[in-house]
1. Could you list all residues from region 95-117 that are within 23 Å of the chain's Cα centre (by Cα) and among the β-branched types (Val, Ile, Thr)?
2. With buried (at least 24 other Cβ atoms within 10 Å of the Cβ), closer than 15 Å to Leu273 by Cβ and within 16 Å of the ligand (Cβ to nearest atom) as the only criterion, which of Ala29, Ala54 stands out?
3. All but one of (1) within 18 Å of Leu170 (Cβ to Cβ); (2) away from the ligand (no atom under 16 Å from the Cβ); (3) not hydroxyl-bearing (Ser, Thr, Tyr) hold for Gly101; state the number of the condition that does not hold.
4. Quick test for you: out of Lys225, Lys249, pick the one residue that is assigned to a helix (DSSP H, G or I), within 16 Å of the ligand (Cβ to nearest atom), surrounded by fewer than 23 Cβ atoms within 10 Å (Cβ to Cβ) and among the basic types (Lys, Arg).
5. Somewhere in region 270-283, is a residue surrounded by 15 or more Cβ atoms within 10 Å (Cβ to Cβ), within 16 Å of the ligand (Cβ to nearest atom) and not in a loop (DSSP other than H, G, I, E, B)?
6. Residues of region 253-309 being more than 30 Å from Leu213 (Cα to Cα) and hydroxyl-bearing (Ser, Thr, Tyr), which ones?
7. Evaluate region 201-210: report whether one residue or more is touching a helix residue (DSSP H, G or I) at 6+ places or on another chain (Cβ under 6 Å), more than 26 Å from Gly175 (Cβ to Cβ) and more than 12 Å from the ligand (Cβ to nearest atom).
Amino acid sequence: MSQEQYRDDQFHIGKINRLREERNAIILAHNYQRGEVQDIADFAGDSLDLSRKAARADAEVIVFCGVHFMAESAAILSPHKTVLIPVPEAGCPLADMITPGKLREMKKKYPTASVVCYVNSSAQVKAESDICCTSTNAIQVVNSLKDNQIIFVPDENLGRYVATQTDRELIFWKGFCPTHYRVLPEDILKAKEKHPRAKVVVHPECRLGVIMLADEVLSTGGIVKFARSTDATEVIIGTEMGLVYRLQKENPHKKFYLATEKLICPDMKLTTLEKVASALEQMKHLVSVPDEVQSRARRALDRMLEVKV
Ligand code: 13P
């Protein structure tokens, strides 16, 4: 890092720390955020941890460093708090692959099926669903339902992985995460050749061909726990690069290799220290959800939070 960059970072960190106090704010960051953003967060975690934190936070303001659907979930779970997102354009292409209208059409086709909706979706899509899930609890959420037939939206890869772990009949939606989709089985094989002693851990948003080559299939929070407890000293990581920063920081004596350099989510990387500081300074950009959508989406999220993992 150049001296100039270091000075700029220190300036923004000073401002963030002062404003965090003044505004009674909590900063939440997803595990895919830039390292320096994870470092200034009050809490960094996976989608489930962050939803729980947002639901329980006693601060007046939540600054959500992640992508839009995550901040929106925080606004749904904490409707009386001010939820800010430093970069409003930080979206999720997977979440954009389904609309409430398309989901309603699907529900008409399978009128007796329950709808499980991955949290990587808009508030309107959540409002049309019976229950949400994250990659941490997807299997338990599916198994918690009484109906045998389940519409699983919008991530087909996660759905197909869950289907290998349950006897329920899942109906998939053709959505995918473009970042995880870029990982190919040959990338894993190459990484294994280069690091033959390493364990392979991948996110369930990867293609099934990649998942089949992995030793473990885990959410980002699951990978954090695995990295701490494994005896392996080398691990190949099949998820977005931001997580590798955290793994390496928390486990300096182990080595973590990104399965491929293609594992970078451009939306997650939009948030910078400067943007966090100006969000707090100008109290922008407010994330809110209309009341009627909020209460229906909340039901689906609350139901998810009740499922034991
Ligand atoms: P996690 O819940 O595993 O953190 O996943 C979030 C996500 O959006 C993966 O692309």
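The values are calculated or read from the model by the stated rules, or taken from the named source; none is laboratory data. Being a predicted model, the structure only gives us computed values, none of them experimental. Reconstructed Cβ throughout: ideal geometry from the backbone, glycine too, with neighbour counts over all protein chains shown.
1. Across region 95-117, the qualifying residues are Ile98, Thr99, Val115, Val116.
2. The conditions single out Ala29.
3. With respect to (1) within 18 Å of Leu170 (Cβ to Cβ); (2) away from the ligand (no atom under 16 Å from the Cβ); (3) not hydroxyl-bearing (Ser, Thr, Tyr), Gly101 is out only on (1).
4. Just one listed residue meets the conditions, Lys225.
5. Yes, that holds for at least one residue.
6. Quick first cut of region 253-309, residues more than 30 Å from Leu213 (Cα to Cα) only: 270-303, 305-306.
Thr271, Thr272, Ser278, Ser288, Ser295, listed by residue number.
7. For region 201-210, residues touching a helix residue (DSSP H, G or I) at 6+ places or on another chain (Cβ under 6 Å), more than 26 Å from Gly175 (Cβ to Cβ) and more than 12 Å from the ligand (Cβ to nearest atom): absent.
Let's see how each residue does on (1) within 16 Å of the ligand (Cβ to nearest atom); (2) outside any strand (DSSP E or B); (3) free of Cβ contacts under 8 Å to residues at least 60 places away in the same chain:
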position: Val125; (1), (2), (3): yes, yes, yes
position: Ile150; (1), (2), (3): no, no, yes
position: Asn157; (1), (2), (3): yes, yes, yes
position: Asp167; (1), (2), (3): no, yes, yes
position: Glu193; (1), (2), (3): no, yes, yes
position: Arg197; (1), (2), (3): no, yes, yes
